[in-house]
Amino acid sequence: MMDSENQQGQRSGASGGDELLQLVSFRIGDEEFGVDILKVQEINRMLEVTQVPDVPDYVDGVINLRGKVIPIIDLRRKFGLERKEPDKHTRIIVVDLSGNVIGFIVDAVQEVLRIPRSVTEPPPAIVADGRAEYITGVGKLDDRLLLLLELDKILLN
């Protein structure tokens, strides 16, 4: 990954005044999601997760990542999907949310995207009203839709 100064320089370097969003895209089930690359610290293969008693069912447990204990959230379970056994594509996306380092389990990491803000729009009201308040927008790409997530909001619900 690039350093954050370089990322920010590229992020604001959109032509025609249309801000570029730099996103890490990943899959959960059949859907593709994107999160701001500046919040992503690293992406790891699945690691051994230590169970923690009496936590919400979407909290998988904690991992020890280079001497730091990090809570792990299974986004499949948070989104109401069935738990899936990790496979060779399963990844943990480690993010910094307002100073809290947290790992999110996803089915697969797709790619790093740079898309103009103009190809995004707010989620439809029926989506935004429900439990999915963490979906902040929908990116209309050539051949697919990308659901934009605000990971900070996932922790509040």
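A straight chain from ARG144 to VAL69 at 0.36 nm per residue would run longer than the Cα-Cα distance by 23.4 nm.
Computed packing ranks the peptides 114-121, 52-59 as 114-121, 52-59, most packed first, by mean other Cβ atoms within 10 Å. Restricting to Cα pairs below 8 Å that are 6+ residues apart, what does the relative contact order work out to for the range 21-156? Please round to a whole percent. Computed over the range 21-156, the figure is 27 percent.
Note on LYS84: aspartates and glutamates with a C-alpha under 20 Å away, same-chain residues under 8 apart excluded, are ASP30, GLU31, GLU32, GLU48, ASP57, ASP60, ASP74, ASP107. Working ranking of peptides 45-51, 74-80 by packing, defined as the average number of other Cβ atoms within 10 Å per residue, highest first, is 74-80, 45-51.
On average over all directions, what projected area in square nanometres does the range 21-156 have, based on the convex hull of its Cα atoms? Kindly include the intermediate steps, with their values, before the conclusion.
Working: hull surface 34.5 nm².
Value for the range 21-156: 8.6 nm².
Where a number appears in this text, it was derived from the coordinates with a stated rule and is not lab data. Everything numeric in this text was worked out from a predicted model, so none of it was measured. Note: ideal-geometry Cβ built from the backbone for every residue, glycine included; neighbour counts use all protein chains shown.
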